[in-house]
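Below is one structure; the comments refer to it alone.
No lab work stands behind these numbers, since they all come straight from the coordinates. Bear in mind that the values here come from a model prediction, so they are computed numbers and not experimental data. Methodologically, a virtual Cβ is constructed for each residue, glycine included, from the backbone with ideal geometry; neighbour enumeration extends over all protein chains shown.
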């Protein structure tokens, strides 16, 4: 099986790729590259990448035609592009030369658009897309089949919305936002006023604002604010099946891994990283550059720069020690029992002598 | 930025709002209110709310035109509506005066309806909705773009189904049910008969019944029963990304927070509250008014009135103590070690004397 | 209420059912069976099943017309089919005689198909389905309303795709694959190259391969590989809201319960079972026939045949002991304190005598 799925584009000379990422070339740059791949799955026309010297052996066994690497691979005659950050170089080359083409530009005749909709140039609006009244769509936007865009919603330039996204009314996307399939933006927040054993819905009258360069994975949910806005700031990346409740604010350049839940009105600073399946209760303040371990349950504010883990989440040093010791509890209990016997014995002996 | 997104409706006199919620007016009720908001984000035409006296200071700094409050805010000349339950009053006023208008009534020409479908008066069926044969839709129902309704499914009056809901065949919704986007009702339960290392699908022949005034959040999944019905009883509110397995029964007026999972055939009483990310194994009986902490893993039946937490879930008093102590394990271990040394020392000394 | 929802098909003689599963008949096989049900909800025309002798009492109170049972129910005159595996027999009979009919064959006129699409015989393609260029669809496939199939995607024979599935470009389904509603196959994996505080998207150029007889529940997400393929091997069954990251490989005949998350490049052997809400970090190797308890957090490789639980996951014997002892921590602490006092007392007494 050919794993090099990006090889449909035209081959490009290694020279041209090297220039684009300002890499030093070792060996001949004359060859043509037809795709990118990891070492293991590379085909003979592929460029692959070596993140660390420990992968030199794997590189030697790879079928790749050339490598991106931090330092030359010894005893390998194939051409190598030397670059301090091979992964970033890969990302750059993939973005510029090896992406599958975007869908055809234009508006599919089966798309249903409301009244007073404004659509910029160079867009692709796929089949069976629905767009509500007064929505605005920027230039270069790609909207795949079956997406719904609500009334009065604004989409910036060069966004990509994958099939079956629900981007509901009154919300705003910045530029270059990517929403993967099945994601819901602007569902009602979970708010009820309790009275005599009944839960009365508090209408959710706010919206969602998503800034530039944010990406949301598949089947993510972001609730609209009760009043005001739920906000995801620029550059933040959010993985699949994350739940973001009403009035949450997520700062710039955060990374939130799959299946995390963030409860209402909690605010995150910038560059926060949250591991998968962690949960944050409502109304917390999480500082800048905080790291939250996967599976953590955060129930208190966290200061900038801290790393926390566990349920409830505490400083990671404390958490890690406790994590290890939980499994030594049977031994601790046994030691305690043994010690209790010894003390009883000592006591008896002391008694006997008095 | 104007956070008062509900101001599109016509302004209403404070007098009229006060009458509707039977509030006592302090100050002039002549002014017009154009929207509702929280204290922080209020615009000059907004009515805001003060849940507790500790928010009086925030109220003084708010730009709101008037307040809903339990007791008068001292030293503030603005008009105030005194009411014992400001949050409920807000919900009531929002529902009655400040909701964005429902979509236009009628059936969009691109909706696809099957044979023998019955549709009540005053409905709104949006573009690209699909409705299976013999489905019945009550009066006043709103079905947004792209919703799918399966064969033989029955929807009561005044329900709202947001874009991309999948309400599959043979299921039943009561009146005033709200389903947020991406939610799936009636997917097959997860049932297989194991035989010689293979998993043979057990057809899921039952359905889902959702009673009056239930709301389900976005991307929720509710599986149909193997036989019989998966049931969510009246008044229950369920947050985003909750998973409800086949043959589960959820009692009246429960609250289930985001990302909870409830396994097959587990039954909940009424007024149960479940915190986010909790999990309940299959075939449990959870009594009435039980409270389950967020992140709990419930593996045993829970009696009415109990509050439980932890993994595995136990009475919350026991759980909270253990939660705190887990992080003192290193100290306990160190104390134990120190004590062991002391005991050894005592023993030696006692030995020396004998 | 009649729970026997499968009774719409024509009644079948017990004789014919018995022959199909090679069961021994006790009593008269002349009667007609109109549906299947569990004991509790059975109607007078139903066949029900008795998994163990402890359910004999419940069987006697059931209204079922006949039973599938491992051993005869004493003192019950109704006909019984004796079979070593009643659940498997139920599954077989349901599949063959009592399934609701599949949707009408043919392609709905509102379906939108791209260029060079190949569609096999005997398919049902529902309303408002979108199919990308060059997709291939095998024979007997059922695609419900609103499904999206991407470009170059291949679907084997007899697959069933429920409403609102997003099966994105370049992916492959084997034969008899079932995808429940809202499930997304082929969303981009979560991969970024960090540089100076920014996250640069690594294009996800691979695909997803799903082999024969796999079933995925509702709102599942399966990311495409960065390069190569994310693979789910034959016979594996995956419950609702499971998240499978890029380059994961799941072996044959695994069972993955709801809300599990499996991070990038982790590989599972065959017959692995994972309980609900468990999480597996990236790049793990999980052997064959491994069992992972619900809620576990797996952070290390697991050898074939092992059963693990807890966060972090460890051997289940160690985990279960620690699980119980966590709640005895207050007693252990108190015992330790008492012991410390006793030791101090002993020390003092010993001191006094010297």
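Label points 7 Å out from Cα along the Cβ direction at residue B:60 and residue B:24: separation in nm?
It works out to 2.3 nm between the two label points.
If each residue's Cβ is checked for other Cβ atoms within 10 Å, how do A:40, A:136 rank with the fewest at the top?
If I rank by nearby Cβ atoms, fewest first, I get A:40, A:136.
Can you compute the helix-only [θ] at 222 nm over chain A? Use -39500 (n - 2.57) per DSSP H run of at least 4 residues, normalise by all residues, nearest 500 deg cm²/dmol.
Using -39500 (n - 2.57) per qualifying helix, the result is -5000 deg cm²/dmol.
Of all DSSP beta bridges in chain C, what percent run antiparallel (nearest 5)?
Expressed as a percentage, antiparallel bridges in chain C total about 15.
By count of other Cβ within 10 Å, fewest leading, how are A:157, B:213, B:195 ordered?
The order, fewest Cβ neighbours first, is B:195, A:157, B:213.
Tell me whether region A:12-98 comes out rounded, prolate or oblate; compute the Cα gyration tensor, take square roots of the eigenvalues as a ≥ b ≥ c, and use a/c under 1.5 as the rounded threshold.
rounded
Quote the FRET efficiency, to the nearest 0.05, computed for residue C:338 versus residue C:194 with a Förster distance R0 of 56 Å and r equal to the Cβ-Cβ distance.
According to the calculation, E is roughly 0.60.
Mind jotting down the three principal axis lengths of the protein assembly as shown based on Cα atoms? Whole angstrom, largest first.
102, 87, 84
Output needed for region A:106-317: three equivalent-ellipsoid semi-axes, defined as square roots of 5 times the C-alpha gyration tensor eigenvalues, in descending order, whole Å.
Semi-axes (√(5λ), whole Å): 32, 20, 13.
Between residue C:273 and residue A:273, what is the label-to-label distance in nm when each label sits 7 Å out along the Cα-to-Cβ direction?
Distance between the two pseudo-spin positions: 3.6 nm.
Using just the C-alpha positions of region A:79-214 as equal point scatterers, what log10 of I(q)/I(0) does the Debye formula give at each q in 0.19, 0.22 1/Å?
Reported log10 I(q)/I(0), two decimals: -1.03, -1.28.
List the extent of the Cα atoms of chain A along each of their three principal axes, largest first, rounded to whole Å.
Per principal axis, max minus min of the Cα coordinates gives 99, 73, 35 Å.
Between residue B:301 and residue C:40, how high is the FRET efficiency from 1/(1 + (r/R0)^6) when r is the Cβ-Cβ distance and R₀ = 22 Å? Nearest 0.05.
E between residue B:301 and residue C:40, to the nearest 0.05, is 0.75.
Say we join alpha carbon atoms closer than 10 Å with springs in a Gaussian network model of chain A; which of A:115, A:289, A:80 then has the biggest fluctuation?
For chain A, modelled as a Gaussian network with Cα springs under 10 Å, the answer is A:80.
In angstroms, what radius of gyration and Dmax does region A:139-204 have, counting Cα atoms only?
In Å, with Rg to one decimal and Dmax whole: 15.3, 53.
What gaps in nm, shortest first, separate residue B:353 from its twins in the other copies when you place the label 7 Å past Cα toward the beta carbon?
The projected label point of residue B:353 is separated from its counterparts by 0.4, 0.4 nm.
Among bridges DSSP assigns within region B:12-98, what percent are antiparallel (round to 5)?
35 percent
Could you tell me the center-to-center distance, by alpha carbons, between region A:140-169 and region B:329-354 in angstrom?
So the separation of the two Cα centres works out to 70 Å.
Please report how far the C-alpha centroid of region A:171-190 lies from that of region B:192-214, rounded to the nearest whole angstrom.
32 Å
Relative to 2.2 N^0.38 Å, what does the C-alpha radius of gyration of region A:101-157 come to as a ratio? Two decimals please.
In units of the 2.2 N^0.38 Å rule of thumb, it is 0.98.
Taking the beta-carbon count within 10 Å as an exposure proxy, list A:147, C:214 from fewest neighbours to most.
C:214, A:147
What number, in percent, do you get for the relative contact order of chain C if the mean sequence gap of Cα pairs under 8 Å and at least 6 apart is divided by its residue count?
Here the relative contact order equals 6 percent.
Measuring label to label, 7 Å along Cα→Cβ, what does residue C:118 give against each other copy in nm, shortest first?
Copy-to-copy label distances at residue C:118, shortest first: 4.8, 4.8 nm.
Determine the shape class of region B:298-354: with a ≥ b ≥ c the square roots of the Cα gyration tensor eigenvalues, call it rounded for a/c under 1.5, and otherwise prolate if a/b is greater than b/c, oblate otherwise.
Here region B:298-354 falls in the prolate category.
Just tell me how shielded A:241-254 is by partners: mean number of partner chain Cβ atoms within 10 Å of each residue's Cβ, no decimals.
If you average over the peptide's residues, the count of other-chain Cβ atoms is 3.
Given the C-alpha centroids of region C:267-316 and region C:34-73, what is the distance between them in whole angstrom?
The two parts, judged by their Cα centres, are 37 Å apart.
With a/c under 1.5 counting as rounded, go ahead and sort region C:187-264 into rounded, prolate or oblate using the C-alpha gyration tensor (a ≥ b ≥ c being the square roots of the eigenvalues; past the cut-off, prolate if a/b is larger than b/c, else oblate).
Since a/c reaches 1.5 and a/b is larger than b/c, the shape of region C:187-264 is classed as prolate.
Using R₀ = 51 Å, calculate the FRET efficiency as 1/(1 + (r/R₀)^6) where r is the Cβ-Cβ separation of residue C:75 and residue B:315; round to 0.05.
0.75
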